[in-house]
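For reference, the structure is listed below as structure tokens.
The values are calculated or read from the model by the stated rules, or taken from the named source; none is laboratory data. None of the values given here were measured: they were computed from a predicted structure. Counting neighbours? That spans all protein chains shown, and the Cβs are built from the backbone with ideal geometry, glycine included.
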Amino acid sequence: MFIKNCWYVIAWDKEVPAEGLLARTVINVPLVLWRDTQGKVIAFEDRCCHRGAPLSMGRKEGGDCVRCMYHGLVFDKTGQCVAAPAQNRIPPQMKVRAFPVVETHRWVWVWMGDPALADEKLIPQTPWLDHPEWRSLDGYLHYDTNYLLIADNLLDFSHLPYLHPTSVGGSHDYASVLPKVERRERGVYLTKWVKDTDPPAYSAKYGNYPPGQKVDRWMFYEFQVPGVLLMDSGMVPAGNNAAEGERVNAIAFRGCQALTPETDNSTHYFFAHCHNFLIDQPEVTQSIHNGILTAFEEDRQMITLQDRNLRLDPTFKMQPLSVDAGLGQFRWVVDQMIKREQSEEPHAAA
Amino acid sequence: MFIKNCWYVIAWDKEVPAEGLLARTVINVPLVLWRDTQGKVIAFEDRCCHRGAPLSMGRKEGGDCVRCMYHGLVFDKTGQCVAAPAQNRIPPQMKVRAFPVVETHRWVWVWMGDPALADEKLIPQTPWLDHPEWRSLDGYLHYDTNYLLIADNLLDFSHLPYLHPTSVGGSHDYASVLPKVERRERGVYLTKWVKDTDPPAYSAKYGNYPPGQKVDRWMFYEFQVPGVLLMDSGMVPAGNNAAEGERVNAIAFRGCQALTPETDNSTHYFFAHCHNFLIDQPEVTQSIHNGILTAFEEDRQMITLQDRNLRLDPTFKMQPLSVDAGLGQFRWVVDQMIKREQSEEPHAAA
Amino acid sequence: MFIKNCWYVIAWDKEVPAEGLLARTVINVPLVLWRDTQGKVIAFEDRCCHRGAPLSMGRKEGGDCVRCMYHGLVFDKTGQCVAAPAQNRIPPQMKVRAFPVVETHRWVWVWMGDPALADEKLIPQTPWLDHPEWRSLDGYLHYDTNYLLIADNLLDFSHLPYLHPTSVGGSHDYASVLPKVERRERGVYLTKWVKDTDPPAYSAKYGNYPPGQKVDRWMFYEFQVPGVLLMDSGMVPAGNNAAEGERVNAIAFRGCQALTPETDNSTHYFFAHCHNFLIDQPEVTQSIHNGILTAFEEDRQMITLQDRNLRLDPTFKMQPLSVDAGLGQFRWVVDQMIKREQSEEPHAAA
């Protein structure tokens, strides 16, 4: 069960080639992505309406059409079949589903539900991914688990000092401070300030702070359906009134992460960790990326084993802790949206 | 669901050794094949009636018996158990099922249904496989899909110019001519003549035709249950009245192909593409075989992805085109035979 | 379906490290094993009560506690959670299940059922594994099949001359003598004497018997739930009245084997074949171990294929033979115990 009326990150912009076709499955639906003659990304169901062949094994023709290379059907960019072998008249129902697509700030978003409801204003904005004053590297990981276990992970950072002690971990006192959790219409918003604490290992070096320098750390993030995290985090030397708005001598990041379910049991994970300091030093960007990637690999190993544990006993009941507030609220939002979609589906079809 | 009262190609004759045992599964039934002292092929269920061990891990004894090498039971060539360890009297129900087998023209056929109905006259004949004036190489491919998707492929050659442009493809005008489709009792019969067209790439060179030579091409084939294709195809220089029976300066082939379901989701594919020209040049035979094999690998890649697409959405409805006439009629024949067998099964058992 | 009120061999003692954590799944339950500061083995469910993370990815702390390294929960050796991040009060239901464990004679046993019923007197004793006058090597194999097919194998040694002709096989006359089978409360007891027979290949050489020496062979073994075989076997030169108690010039073994279901379709197999002759020659111990291992690999290959055969047709009915007496009685005992446990479960819960 997945939310359908929702924008999903389906690719980094560079992954959709100018000429070829990209196959990618989202919420169990195989999709094929390509660019028309204006460079606009088109997303079709990657399953020819004739016999179910993958259009991604086909080829672009005449710029704005795609030909299925099994039996030769040609589809225009609305998904309508406009030619078929040994067939003069093409029945109007001969078409593949085309999905609304928006390319913005380096990510390609696809709307998997009712096209009439595809509101671009619902797309979370990621300006740091292509802003001249910010730097980051394009990240991608594939998980063989359901996406919600990864969402759980991103909604409870109390795990940082335990699972990521040498990468993004930070100190235990930082982890033990619960964030403030606010429910939003399409997700949750978490905020946290911890003052006079030690800086985390992976970023302390960039501050040029003296040894033993205590810092004030902040973390604000929105986590929206289906699984998009946009985070403002960082630190300043302690005692600078940063919480009141002044960020003097700050080390700041904007994290952009998107979980896109591939199937019930697999997930695409797009991410970048943007920084606006030392932007003329590519090795700093690379090092920050490596630190994040190390941590995400640690997450993946743990979550994959957690997933095995949960599948071994479907009756297992989790025991809640106060650190679960964020993930609990987010799962509630997801459940409500799915229930609402299911109750409205007959009307939408009518 | 498979047709049972039907001859299935289970092996090339050379695959069944004079001495050893060959294991092969057909329509979910594990079989073991061996030769008796007269060289006649015997097919047993490859599952010992005692504890289910594979007889194919056993050995022939005394020429006309097979011993299970788990607990030592011995079976004569009717499948009756004739010896067991520490057992003087063998209960009569101690037996494995023996299947009717016929070896003819290089293929070994097995009847998977009621032995009383095993009529050898139903076996499609493949004389070109061992005729002195014809040449071919033994082909085999394994598919991880149901066999009907492959049957579909062989019943709609409109896919040739798209999926096989550089191998057996041929020209688009050839592909756009629909064959005449006739339903037969156990399959369909397709015929097609296309006049004044370009010769296909993989065989044009054998005609020694001048550059730009147009040809008349023909293709007649029977496709019978479970999935046996016997095809007469070829070409002559255009304007030779070949359609009226004269095959002057012809390049002709006899294609023999057999799909044998292994399990619900896997298939054995036996094939050979026989030619009667340049038969003293083994490199020609090899080259024709390679061309066919290249095309069949292209089919397998496409069909495997098509199969994934169909499994991702069991509710997917295919949209028919006129090119589907052959496969539509064949699938109807298969459905009818399965339904008839199921309705008759209680009577057969009584 | 597995017996729960039962001791399962979960590890060789050396596998549970002094410091680290060992993960091992038994009857579909993931377990983590570790040693407290006294060296006593502790077994927890390897699934944190909070979110299901594997505790085996965690670490020991303070000697007698284990910390989950996902979110940092700490468990004392009773399984009670004693610390959690950002949480002052730990709810009493915050605990993981701890299982009774006994380490005795080189094997670590765990009780998977009601701890109140965990009677140590039910543990089969294996003194030969650590007795100074006996030698053996630690054996382990993993099966991708249900454990009962392996139990069947160990309860019908008529398969020895067929499946193991060059290793532990022995002569056909030996195999054709049925053992006496007695049902016990928690298993079966098999006894067999065969007089004036040929010695088996793998052990004849140790007797220093003259060529052609006939022997009297014995085999007594208890096979107890869940699948523990303890066997006294061996031979003496024929005519020595060994059956009456005299074991002159004997070659004797004590076989210790334990089948522990991992999941419905996989099994841990612990074994050792102890001998009390030539104990100062490690190459003899190694050679005996190798002979056993060769035979067990032969068993595994056959049983894995048998398992495939049984899964291909769930309606397959096995035909019984008199050699099945042991396995038939053992399967009956297992069935009865499972039924009894299921009928008692509501009472136990009340």
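Being at pLDDT 95 or above and over 18 Å from A:Glu262 (Cα atoms): is that true of A:Pro54 here? No. When C:Val82, C:Val96, C:Val102 are checked against the criterion of being at pLDDT 95 or above, buried (at least 22 other Cβ atoms within 10 Å of the Cβ) and not assigned by TED's automatic domain parsing to the domain that holds C:Gln257, a single residue qualifies: C:Val96. Out of all the residues in segment A:99-114, is one or more free of Cβ contacts under 8 Å to residues at least 60 places away in the same chain and either of a type in the set (Val, Ile, Thr) or farther than 30 Å from A:Asp280 by Cα (or both)? Yes, the conditions are met somewhere in segment A:99-114. Of the candidates A:Gln329, A:Gln257, A:Gln336, the single residue that is under 22 Å from A:Tyr189 (Cβ atoms), in contact with a helix residue (DSSP H, G or I) (Cβ under 7 Å, 6 or more places away or on another chain) and either away from every other protein chain (no Cβ under 14 Å) or of a type in the set (Val, Ile, Thr) (or both) is A:Gln257. Beta carbons closer than 7 Å, at least 6 apart along the sequence or on distinct chains, pair a first residue in segment B:322-345 that is modelled with pLDDT under 95 with a second that is assigned to a helix (DSSP H, G or I) for B:Val323/B:Ser158. Taking the conditions exactly as written (on the phi < 0 side of the Ramachandran plot and more than 9 Å from chain B (Cβ to nearest Cβ)), does A:Ala84 satisfy them or not? Considered against the rule, which asks whether it is on the phi < 0 side of the Ramachandran plot and more than 9 Å from chain B (Cβ to nearest Cβ), A:Ala84 comes out as no.
When B:Val110 is tested against (1) within 14 Å of the chain's Cα centre (by Cα); (2) assigned to a helix (DSSP H, G or I); (3) surrounded by 22 or more Cβ atoms within 10 Å (Cβ to Cβ), only condition (2) is not met.
Per this entry, A:Val82 is counted among residues that are without any contact (Cβ under 8 Å) to a residue 24 or more places away in the chain, in contact with a strand residue (DSSP E or B) (Cβ under 8 Å, 6 or more places away or on another chain), assigned to a strand (DSSP E or B) and farther than 24 Å from B:Gln301 by Cα.
Restricting segment C:11-27 to residues that are within 14 Å of chain A (Cβ to nearest Cβ) and outside any loop (DSSP other than H, G, I, E, B) leaves a set whose member that is surrounded by the fewest Cβ atoms within 10 Å (Cβ to Cβ) is C:Ala23. Regarding segment B:54-76, can at least one residue be identified that is in a strand (DSSP E or B), buried (at least 23 other Cβ atoms within 10 Å of the Cβ), free of Cβ contacts under 8 Å to residues at least 40 places away in the same chain and within 14 Å of chain C (Cβ to nearest Cβ)? Yes, the conditions are met somewhere in segment B:54-76. In the set (1) within 14 Å of chain C (Cβ to nearest Cβ); (2) modelled with pLDDT of 95 or more, A:Gly169 fails one condition alone, (2).
Looking across segment A:285-322, the residues that are more than 30 Å from A:Ala204 (Cα to Cα), at the interface with chain C (Cβ under 9 Å from one of its Cβ atoms) and part of a helix (DSSP H, G or I) come down to A:Leu305, A:Gln306, A:Asp307, A:Arg308, A:Asn309, A:Leu310, A:Leu312. Checked against (1) surrounded by fewer than 21 Cβ atoms within 10 Å (Cβ to Cβ); (2) in a strand (DSSP E or B); (3) in contact with a helix residue (DSSP H, G or I) (Cβ under 8 Å, 6 or more places away or on another chain), B:Phe44 passes all but a single condition, namely (1). Residues that are under 25 Å from B:His105 (Cα atoms) and assigned to a helix (DSSP H, G or I) do not occur anywhere in segment B:259-270.
Residues checked against (1) at pLDDT below 90; (2) surrounded by 18 or more Cβ atoms within 10 Å (Cβ to Cβ); (3) within 14 Å of chain C (Cβ to nearest Cβ):
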position	(1), (2), (3)
A:Ala175	yes, yes, yes
A:Lys180	no, no, yes
A:Glu185	no, no, no
A:Thr191	no, no, no
A:Pro199	yes, yes, no
A:Lys205	yes, no, no
A:Arg217	no, yes, no
A:Ser233	no, yes, no
A:Asn240	yes, no, no
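Look at (1) in contact with a strand residue (DSSP E or B) (Cβ under 9 Å, 6 or more places away or on another chain); (2) modelled with pLDDT under 85; (3) assigned to a loop (DSSP other than H, G, I, E, B) and you find that C:Gln213 fails only one, number (2). Spot the failing condition for C:Asp46; the list is (1) touching a Leu at 6+ places or on another chain (Cβ under 7 Å); (2) touching a residue at least 24 places away in the same chain (Cβ under 8 Å); (3) among the acidic types (Asp, Glu), and only one is missed. Only one criterion in (1) touching a Leu at 6+ places or on another chain (Cβ under 7 Å); (2) touching a residue at least 24 places away in the same chain (Cβ under 8 Å); (3) among the acidic types (Asp, Glu) is unmet by C:Asp46, namely (2). Filter segment B:186-210 for residues that are touching a residue at least 60 places away in the same chain (Cβ under 8 Å) and under 22 Å from the mean Cα position of the chain (by Cα); which is farthest from B:Ile123 (Cα to Cα)? So the residue we want is B:Leu190. Got at least one residue in segment A:28-39 being touching a Phe, Trp or Tyr at 6+ places or on another chain (Cβ under 6 Å), surrounded by 20 or more Cβ atoms within 10 Å (Cβ to Cβ), under 23 Å from A:Leu122 (Cβ atoms) and among the β-branched types (Val, Ile, Thr)? No: segment A:28-39 contains no residue that is touching a Phe, Trp or Tyr at 6+ places or on another chain (Cβ under 6 Å), surrounded by 20 or more Cβ atoms within 10 Å (Cβ to Cβ), under 23 Å from A:Leu122 (Cβ atoms) and among the β-branched types (Val, Ile, Thr). Annotation note: of C:Asp216, C:Asp196, C:Asp144, the sole residue that is in contact with a Ser or Thr (Cβ under 9 Å, 6 or more places away or on another chain), farther than 30 Å from C:Ile27 by Cβ and assigned by TED's automatic domain parsing to the domain that holds C:Gly326 is C:Asp216. Counting the residues of segment C:301-347 that are hydrophobic (A, V, I, L, M, F, W, C) and exposed (fewer than 13 other Cβ atoms within 10 Å of the Cβ) gives 1.
Among the residues of segment B:1-21, those identified as in contact with a strand residue (DSSP E or B) (Cβ under 9 Å, 6 or more places away or on another chain) and within 19 Å of B:Leu259 (Cβ to Cβ) are B:Phe2, B:Lys4, B:Asn5, B:Cys6, B:Trp7, B:Tyr8, B:Val9, B:Ile10, B:Ala11, B:Trp12, B:Asp13, B:Glu15.
At negative phi and either in the same structural domain as A:Glu283 (by TED's automatic domain parsing) or surrounded by fewer than 22 Cβ atoms within 10 Å (Cβ to Cβ) (or both): is that true of A:Asp119 in this structure? Here the answer is yes, as A:Asp119 does meet what is asked. Assess whether B:Gly291 counts as being buried (at least 18 other Cβ atoms within 10 Å of the Cβ), modelled with pLDDT under 95 and outside the structural domain of B:Arg24 (by TED's automatic domain parsing). The answer is yes for B:Gly291.
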